[in-house]
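The values are calculated or read from the model by the stated rules, or taken from the named source; none is laboratory data. Please read these numbers as outputs of a predicted model, since none were measured by experiment. Positions of Cβ are generated from backbone atoms using ideal geometry, with glycine treated the same way; all protein chains shown enter the neighbour counts. We work out accessible area using only protein heavy atoms, side chains counted, and drop any ligands, DNA or RNA first. Shrake-Rupley method; radii C 1.70, N 1.55, O 1.52, S 1.80 Å.
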Amino acid sequence: MSGGQTNHVKERLIQYLQCPECAAALDLLATQNDGAEIMEGELLCRSGVHCFPVLRGIPRFASLDHVAADKAETAAKFGWQWTHFTQADERYAEQFLAWIAPVRPEFFAGKVVLEGGCGKGRHTQLAAGWGAHDVIGIDLSEAVESAFAATRHTPNAHVVQADIFKLPFPRIFDYAFSVGVLHHLPDPRAGFRSLAGKVKPGGHLSAWVYGAENNEWITRWINPLREGITSRINPRALLHLSKLPTAALYLATKLIYRPLNQVGNGAVAQHLFYNDYLQAIANFGWREQHTIVFDHLIAPTAFYISRGEFAAWWSDIDARDVEINWHNKNSWRGFGELPPHSSAL
Ligand SMILES: [Zn+2]
């Protein structure tokens, strides 16, 4: 690797970390450096009681061996997914902005940002590119390896392996976001609250979750299949098996949804089943559609959240100016401001 701006576990990350057990500051002891990037080492808490490894450049506050089985299983499955599907797509920026609307790229300028559940790091990387002061992506799974590889040459992007319920940070973030992750937690509402608890008073938060509304066909037909079969089989076998429904999706979006949405302002298309969403993904290529199908079949845990329930999450944290919007008529996105004074979070 080259020197200069590309180095840095980037030492500037350490300032944001605290012991997730006792909230004491952490000191980094490096055992192996690669330039100024610390590849192997230990983070020792100043209470002297707790110690966390740095492995392959990533601080590890959680490992799948030490979390509840249901969380570990979901994380392991998504970890496999994001180390397999590492492609970048130029539509990621547009897709990300649709999930966090009304936030725009300029909103990130100068902010210290936390991503709850970064997967392969595509949003962490985008936020860093849009001028965030620093962005930290956390994930419980081995996806952190892909995220680290994607962000290691970006000085203001950082990756930490941690549990969203036990985050290793004080309340220091100007903005936190989580897209497509909370609904896979064993307790989505508690995960949301935990993330919000790391945002400064007056800071902002975004979340995007699967909706209960309009997804009855998924909860009725796909969920039993997912829970009973597809989340239990070997990921590599599922990878191949999922090509069959992907082929059906691919042909339907390319041959029916896309053309019909291009005629007469979509007057006919609007009557098609699940049109808003299928139209939105109609321009994706095979590999991205395959990722989407695979994503829906692999997770052992997935909740579909109603608008009312989602609104209650925002009330829990006493958020101000909350905007909750329907996205593709199958999911909810929310954005709000934390109260100006410390609350009970
Ligand atoms: Zn400690």
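Here's a check for you: in region 7-26, which residue that is aliphatic (A, V, I, L, M) and over 25 Å from the mean Cα position of the chain (by Cα) is nearest to the ligand (Cβ to nearest atom)? So the residue we want is ALA24. Please verify whether ARG12 is under 15 Å from ILE138 (Cα atoms) and charged (D, E, K, R), treating the condition exactly as stated. Taking the combined requirement at face value, the residue does not satisfy it. Within region 47-62, the only residue that satisfies the criterion of being more than 15 Å from the ligand (Cβ to nearest atom), outside any strand (DSSP E or B) and open to solvent by 50 Å² or more (accessible area, probe 1.4 Å) is ARG56. Among the conditions (1) assigned to a helix (DSSP H, G or I); (2) under 20 Å from the mean Cα position of the chain (by Cα), the only one that LEU205 does not satisfy is (1).
Might you let me know whether region 153-172 holds any residue that is modelled with pLDDT under 90 and open to solvent by 10 Å² or more (accessible area, probe 1.4 Å)? Scanning region 153-172 turns up at least one residue that is modelled with pLDDT under 90 and open to solvent by 10 Å² or more (accessible area, probe 1.4 Å).
Output yes when any residue across region 27-39 is open to solvent by 60 Å² or more (accessible area, probe 1.4 Å), closer than 20 Å to VAL135 by Cβ and more than 10 Å from the ligand (Cβ to nearest atom), and no when none is. Within region 27-39, none of the residues are open to solvent by 60 Å² or more (accessible area, probe 1.4 Å), closer than 20 Å to VAL135 by Cβ and more than 10 Å from the ligand (Cβ to nearest atom). When restricted to residues that are in contact with a helix residue (DSSP H, G or I) (Cβ under 6 Å, 6 or more places away or on another chain) and at pLDDT 95 or above, region 110-120 contains 4.
Might you let me know whether region 216-223 holds any residue that is part of a helix (DSSP H, G or I), open to solvent by 50 Å² or more (accessible area, probe 1.4 Å) and within 19 Å of HIS290 (Cβ to Cβ)? So far as region 216-223 goes, no, none of its residues is part of a helix (DSSP H, G or I), open to solvent by 50 Å² or more (accessible area, probe 1.4 Å) and within 19 Å of HIS290 (Cβ to Cβ). For region 40-91, residues that are hydrophobic (A, V, I, L, M, F, W, C), modelled with pLDDT under 80 and farther than 19 Å from PHE294 by Cα total 4. When residues in region 319-336 are screened for being surrounded by fewer than 16 Cβ atoms within 10 Å (Cβ to Cβ) and not hydrophobic (A, V, I, L, M, F, W, C), 5 of them pass. Within region 131-152, the set of residues being over 27 Å from CYS22 (Cα atoms), open to solvent by less than 10 Å² (accessible area, probe 1.4 Å) and of a type outside the set (A, V, I, L, M) comprises just one member, THR151.
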